[in-house]
Every structure is written in C-alpha cells, then in structure tokens.
1. Mind pulling up the Rg/Rh value for region B:2-45? Radius of gyration and Kirkwood radius, both on Cα.
2. Please state the relative contact order of chain B as a whole percent: Cα pairs under 8 Å, 6+ residues apart?
3. FRET efficiency for residue B:95 and residue B:208, Cβ-Cβ distance as r, R0 = 22 Å, nearest 0.05?
4. What full-extension length gain, to one decimal in nm, is calculated for residue A:520 and residue A:351 as 0.36 nm per residue of separation minus the Cα-Cα distance?
5. In what sequence, highest mean first, do A:338-348, A:137-147, A:450-460 appear when ranked by Cβ atoms within 10 angstrom?
6. So how do A:290-297, A:125-132 stack up, highest first, on mean other-Cβ count within 10 Å?
7. How far apart, in nanometres, would the label points at residue A:366 and residue B:61 be if each is projected 7 angstrom from Cα along the Cα-to-Cβ direction?
8. Working from Cα positions, state the angle (0 to 90°, nearest 10) between the long axis of helix A:383-393 and the longest principal axis of chain A.
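Coordinate-derived values only; no laboratory data. What you see is a predicted model, and the numbers here were worked out from it, not measured in a lab. When we count neighbours, we look across all protein chains shown, and the Cβ atoms used for this are built from the backbone with ideal geometry, even at glycine.
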C-alpha cells in the first residue's frame, strides 16, 4: 500500500515535471488549436469556436492607447470580403484570431520564432534587431506592388513618407515591416475653456478672442484663415498665454507625474520642430548643421558657423539650439508654476492626468486646466474617463462632443513663424509578419497586411482611434466632418507637418540604437527628466550645460560603435 | 534459487535506476540548457561583438574590447558611477540598518511583548502583498499623503524631490526586506531551548546579556546566511527601482542591478556583449568576496561557550 502511494506520488511528480516540456516545442503555426483569447476588454466580437473549414490567421496586437477596436473592424471586413476565397488548400474563407497584450515589442520579438501568431502590430520595437536576426518575413513584394486588387493605383511604398522609407527600407532595398500608428507628443487644449476665458490672440497680441471670432492672430503657420488662428505663434506668445491664464484663474498645464518621460518626449518634439529637416542629422550624421549653439547671452542664442556633421563629430549635435530652446520651455513653465499641482506627483498616472484635464472644466473646487501634455493617442485610451464624464454630465461631455484639439507647437523664435511644422513619431511601432509563418499561409498574411494599408482601412483606423498611421492618404471632407473635434485637429496638424521617424537604416544608427534615442539629449544627471530638475531648483544653465557636455570627442569615439 | 534472487535483485535495481533517471531527466536537461548553456553563451559573448554583414547580425570575436569599454564607462560613463555608489549605500544600509532592526523586531516578537503580533503582521505584510501593490501604496503615501500632512514640503512628494528621493527608496527597500529576515530570525529564536534562557535568567543575566550571550550566538548561523546572501546580491540588488519607475528611474538613484536589467531590456542585441562582459567582471568580484566574507563572518562571529 505504502509502495503504491509512493509510486503514485512519483508518477504525479514526473507528470508535473513533464508538463513543462510541452511549452518547449515551437508547435505547428498552422495548427488551429483552441485559438487565443479574442474577447479582451473592449472587444466587440465574442469568443468563437475554431471553424476548420476556414483558413486560420493569428494576429498579435499591442492593446495600448490605440486599442484593438480598429483591428476588430478590419477583421470583420476582411473575413467578409474573402469569405469564398481559398487561401489554404481545402479551406474556404478566413477566420482571424486576435491576441491582445501590453508587452513591449522588444519583449515580444524574443518570443516570435516560437509563437503561433503570424501578423504583429507592435510598439517599442527595435526594428533592425528583429529584421537582422531573421525574425521578420520579407514583405518587399507587397509593399512595392500597386494595390490594384483593392481598387487603388498606388503601392504601400508610394504612401510612405521619405522619413519612414529611410527607416524601414534596408540598405538592400527590402522591407521587413511597415510603420503602425503615428505617436506624437503634443499639447491638447480645451476649446471651451479657451472660449470662456478669451484665450485666443488678437492681431495686436492681446488675448481677447474666442475660437469663432474674426480678427484672430495668424498662429504658428503665419497664415490667416487656417486651423491655428489665434493660437500662440512663438514661445513668447505661450508665456503671455500662460500668464493670462493664471491671472484669469486657469491652470495652464497638466501632465503625468508618474511617467516623467511623457514630458521629456514632448520636449524632444519641440526640439524636433525647431530643428526641422536638420533633425535627421541626430542619427544619420551626414549633412550640415546650422543650428548649433556658439554662445548664449541673456537667452539669446548665437549659432556656430554651419558645420558638416559626420560619424566622427556626431557629438556636436548635442549642442543643438533645439535642445536649449526645449529646455527653456520646460524651465519657464516649471519655474513659473504654470501647471496643476498633481503634475509632479509620481503616483499620478497618465490616465489620472487625462482625467484631471477633462474633469477640471466641470469642477467647482479646482481651476479649469487649459492644456494637457500627452501622446496623441490619449483620447482613445481615456475612453473610461469619457464614459464616466458622460454619465455624470450628459452627452456634451463625450469625446464626440467635447471641443478638444491639438495645439500646434509654437515656434522658439519669431523668425521661424511660417515655417512648416515638424513632428516626431516616437513609439517605433511596426506592422510585420512572423518569419516562421508556414509557406501555405504567406499569401493570406500578406493579403491581410495589404488590406489594412488600403486607403479605406487607413481612414477607418482614423475614425475609430482618432489617430493617423504613418502613411499619406486622403481624408475626404465627408469623413473630416464626421470626426470629433480632436480627430479633426489631428488631421489638420498632420496635414501641415513633416513627420519624422527618428531613425534610419544606416549601420551607425542600427549599432547605436540604444544611445541615439530621443530622450538621450535630455539626460543630464539632474533628476530623471529636465522638468523634474527645474522643479528641484536646477537652473536652465546648469541643465543645458550638462546636456551639451553629454559627449566629448573622446567619449564619442569610445562609446559610439561605427 | 540463489541465481533467481540475484536476477530479481538486478532487475529491481535496473527498474529503480530507470525510474531515477526519468525523475531527474527533465530537470537535468533544463539545467543543461538554461544554466550551463546560457552561462556558456554569456561567457563567450563577453569576448564577442555584433557586426552587420549582408544585413544580418553576425557575432565576431572581439578580444577584450568589451572589457575596455566597460572600464571606460566606469571612468567616463554617465550612470555607472552613480550605480556603483548607490549599490554600496544600499548594501551598507541593508546590512547595518536592515539587519539590526530586523534582529530587534524579531527579539520583540520572540519575547511576545506588547502588540508583538500586530507588529509581526505589519512587518510581514510587504512580503505577503504583491510587490507592485506595495510599491503603489507606498508611492501614494509618500507622494500624496505626506505632502498633505507636512505643509513645509510645498506640495512636493518625497519621491519627486531630488533631495529625498534616494532616502525614500532606501527606506522602502529596508521596510519590505524585514518580512523574510524577521521570519527567519524569529524562527531561529523560537528553536532555542527555553531551558537555556531560563538557566541564564536564574544566573542573573539581564535582557541585554541574554540577547548578546545566548540568543545572538545561537542564531548567528542564520544571520551569517543573510549577510552572505546580501554580499552575493550586491551586483543584482535593484532596490525595487523597476517597480517604481520601470525603465525610467533617475540615473542618479540607479544601482548596478537595475542598470544591467534596464540596459538588457532596452538596449537591444548590440548591447548584449558589453553587458555580458559586465556580468563576468562582477561575478569575478562577487564570487571570491562572497566566499571570503563567509569565512570572515564564521571566524569573527560570537561563539557559544
């Protein structure tokens, strides 16, 4: 009896230990299996059974601010469009499984060769780590061929801006992924608050106008009758606006205290806007820099003579006036306390900051907040906040009805008013196909990837997420008018911007990916982020001096791999 | 008859052998892959670099290049000097303050003094609750409650103030570290034969003498174990920074453990060889120091006479 019990326990132990080995196999990607969970929070499609008469396609989607609703919508259209198509021998139609997660792309990439998922929509990726280690399928054919099967005359490549091409196209002219969504850090302002407190500029520089008044100033684009009329054109205008806001009982800014990098990436966006096309020198090290600081006297910057930037003297880019001006922006806001108190509370998450901004308009105790520093995806992420507001304050509090809009970056100096806006895409998001996909399913996966890059799908993405993807496509007046105020402003800003993908295919960038990210110029040793440094009493000069001295010739030569 | 019984015995031995092999096969294979294989790869990688050939990553031998870069970062790097300094401080505070207080609290609980059970729950709580939950609670307390109580902080929390940020993180590290230590120390104290303590009392030993001459020597092996573990973990102590800040901790509060973890997570494949070199260098320091430390502690500790 005792022996039997011993044997039974031992067998159980072996069984438990052996169970672990099951996970070691790569599995057959074509095997339908039970299917990943496709009923994540917010999913509009209930869980379903595997239909073995249909070809199975597995998709992994980063379910962050952009969510997954756009993918469910695309899935429904795709399954309907190809319901009678035989992608895989012996099947008719397609059944798509969507796995949602919140893992960084770099973490997902490690597991890709062992995963069943065939298509990925990820963010925070290291594209070249994935492409150069053979994890991604070569998709050059579907990127470069015209989308005639979908009734379009352009190819996906034709829709890509040069900046994205320079990043995603490898030196041997191949594509292994495409950009996913554009993530741009910006300021969102509340038009209702601006109207109520007359916070639009008139042509004389006073703050006397509402959003519907004529005679507003021309804004950063320097043109009358455009989307940015009445908004601050320069940093100096912004200071005037903030002073006036405070005088009229409005807190100018709020941002997430917990995620300090939101503010730093916003500063990186201001830097990119100042540098314009020259900003690509930060990672190509190939061209002439004209905006490097020589001296600064009483805030007035004198530039060095134009300098040819190469891999050998790339450290000079840390002397960019763009960094100085961005730092000065943060310094001014922080040292004047032009922010809501919660902005430095590290227990205040991004969702909390969004809520503070949204709810402030209705608060009888706290001041209304004029602007929120956030990534452009935030309204979709804040769906819960909007729902609560709507239930408390009625339909006018919904995202559809709130008059929110992106504020174009004001220019650092008056001479830059009228120059095109430059935005920087920060999330390194990609759409790609797993290289381990079985041969018989490649056509299906590639067709789906093309499908989500048709104009129809790109516009649908905009309508659902209020965001754009990294492609150029037309948004008709009809669609534009159907969008909420926020999404309309996204379209306006993107239409008037050059969006930079901050990277390129050059070896020097690929080898130094970790050292050349957007936050690096703002790492100064005075706190994790510049605004935190200023809050703790550091001066602009201290922080700027540390930022520009980040690399010397000696450290650059040793630490940058060429 | 004898032959048959020998055969039966051999058969049984063979069966037992197969059974034992089956039992250890899976963990042995796992050990070979995830310990031997991984560490061998790491050691090899420390002497390699990643290059790009025909749009593919290729590992090439690089001699001591990674160790040179490591040395250069030590002298001129941005985060590493802070990380080394902070790791030292964290170690000293853990050993000096953490262990001393843990002994004190353990004694308090062991003696069953007033509210000792309540204290036990309070001190064990961080070990029982999820680390993230504990971090969030603590963050809420020091960032929201504290400034609300103390007007002099001007609304600024202890973590967002650069002067108080590191001490606040140190306090948290010590506090959450109490649970395991107290569990072990009070367990060791409970195993002391009560007759020894009673005899000491009859001989007129006061509470301090009882602790120094009876309790401390008897639980010293447990204390030694903790000190040795702390010494071995010098280079891996993250001070819970990832739970507080994910990848975004201020470099001035970084520790070596956090820095290595963050760089592995963020840096990508190109960084791996340098990080492997770091690991080897730190192991070469930590291994002998830990062994010497253990010998030293065994030698200098209080002896029970």
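1. Details: Rg = 18.0 Å, Rh = 12.8 Å.
Computed over Cα atoms, the ratio is 1.41.
2. Working: 268 pairs, mean separation 80.5, N = 305.
The value is 26 percent.
3. Details: r = 22 Å, r/R0 = 0.99.
According to the calculation, E is roughly 0.50.
4. Values: separation 169, 0.36 × 169 = 60.84 nm, distance 2.55 nm.
That works out to 58.3 nm of additional length.
5. Values: A:338-348: 23.4, A:137-147: 17.8, A:450-460: 19.6.
Ranked by mean Cβ neighbours within 10 Å, highest first: A:338-348, A:450-460, A:137-147.
6. On the way: A:290-297: 15.1, A:125-132: 24.9.
The packing order, highest mean first, is A:125-132, A:290-297.
7. 6.3
8. 60
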